[in-house]
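Everything below concerns the one structure shown next.
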Amino acid sequence: MSVEMLKLTGNSIVADELELSMLNSVVGMHSVTGRWTTYNTPMNGVRRANAHDIVFQSREGTPELNCCSVNSPRGFGLVSDWALMFGRDGLVLNYYGPSRMRAKLRPGLSVELVQETGYPLSGEITIRVDPSKPAPFVLMLRVPHWSRRTRASINGRSLARPDSGRYLRLERAWQKGDTIRLRLDMSLHFWRGEQDCQGLTSVYRGPLL
């Protein structure tokens, strides 16, 4: 639903939530052995195997096989649906991490984006833009809502500080080898629990819980 909401609204906050869910909930629900997953990853950090937490789903001979265990990896596969998208004017980059992505913008023009970064452990992100030929187009970069003091540059030239929780719109005649550098603010930020989680607080560094 969040992927479809992102397609419909183009709201970068939705992409922020997809990232938070993937890096924390999806990763966090898998055991280190890979043999079981959780139904819930609560704020108190206590994780219980879904075979115990929702035992009514267990079937004889396959106690670890249920809808959670078979569907939980889909969170990783969904990255391909929102990592790089088409916007009204060009490309929209939502996913940050070591990667190589390619998109066909129009007949005769394809663009490859190559990221070199330690993100999400580091806020330093380098993006090389390699169009198949020099061409003008728009590239939108997600600036997470939690990054309060983001810095950006193209080919070493600093840009005006982008707004948090919005896309940074870069419109220019791109050439092979153009390089964007992002420095995201990885300061701690907090999420106060409500209702059943009243009195608890989640602490994040960048996108990581």
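Taken over the range 56-81, the criterion of being in a loop (DSSP other than H, G, I, E, B) and open to solvent by less than 30 Å² (accessible area, probe 1.4 Å) is satisfied by Asn66, Ser72. Listed conditions (1) surrounded by fewer than 18 Cβ atoms within 10 Å (Cβ to Cβ); (2) in contact with a His (Cβ under 9 Å, 6 or more places away or on another chain) are all met by Asp53, apart from (2). Under the condition of being on the phi > 0 side of the Ramachandran plot and either touching a Lys or Arg at 6+ places or on another chain (Cβ under 8 Å) or open to solvent by less than 70 Å² (accessible area, probe 1.4 Å) (or both), the residues counted in the range 162-201 number 2. Would you call Leu121 open to solvent by less than 10 Å² (accessible area, probe 1.4 Å) and under 17 Å from the mean Cα position of the chain (by Cα)? No. Looking across the range 86-100, the residues that are open to solvent by 30 Å² or more (accessible area, probe 1.4 Å), within 19 Å of Lys7 (Cβ to Cβ) and of a type outside the set (D, E, K, R) come down to Phe86, Gly87, Tyr95.
The set of residues from the range 82-136 being outside any strand (DSSP E or B), free of Cβ contacts under 8 Å to residues at least 60 places away in the same chain and either on the phi > 0 side of the Ramachandran plot or small (Gly, Ala, Ser) (or both) comprises Ala83, Gly97, Gly108, Gly118, Ser132. I'd like to check something: does the range 137-149 contain any residue that is loosely packed, with under 15 Cβ neighbours inside 10 Å and among the aromatic types (Phe, Trp, Tyr)? Checked against the condition, which is being loosely packed, with under 15 Cβ neighbours inside 10 Å and among the aromatic types (Phe, Trp, Tyr), the range 137-149 yields no hits at all. Give the residues of the range 138-187 that are β-branched (Val, Ile, Thr) and without any contact (Cβ under 8 Å) to a residue 40 or more places away in the chain, sorted by residue number. Selection gives Thr150, Ile154. Could you list all residues from the range 11-55 that are assigned to a strand (DSSP E or B) and either closer than 24 Å to Ser164 by Cβ or of a type in the set (Val, Ile, Thr) (or both)? Of everything in the range 11-55, those that are assigned to a strand (DSSP E or B) and either closer than 24 Å to Ser164 by Cβ or of a type in the set (Val, Ile, Thr) (or both) turn out to be Thr37, Thr38.
The values are calculated or read from the model by the stated rules, or taken from the named source; none is laboratory data. Model, not experiment: these values are computed from the prediction. A quick note on method: Cβ atoms are made from the backbone with ideal geometry, for glycine too, and the neighbour counts reach across all protein chains shown. For the accessible areas, the whole protein counts, side chains as well, though only heavy atoms, and no ligand, DNA or RNA atoms are used. Shrake-Rupley method; radii C 1.70, N 1.55, O 1.52, S 1.80 Å.
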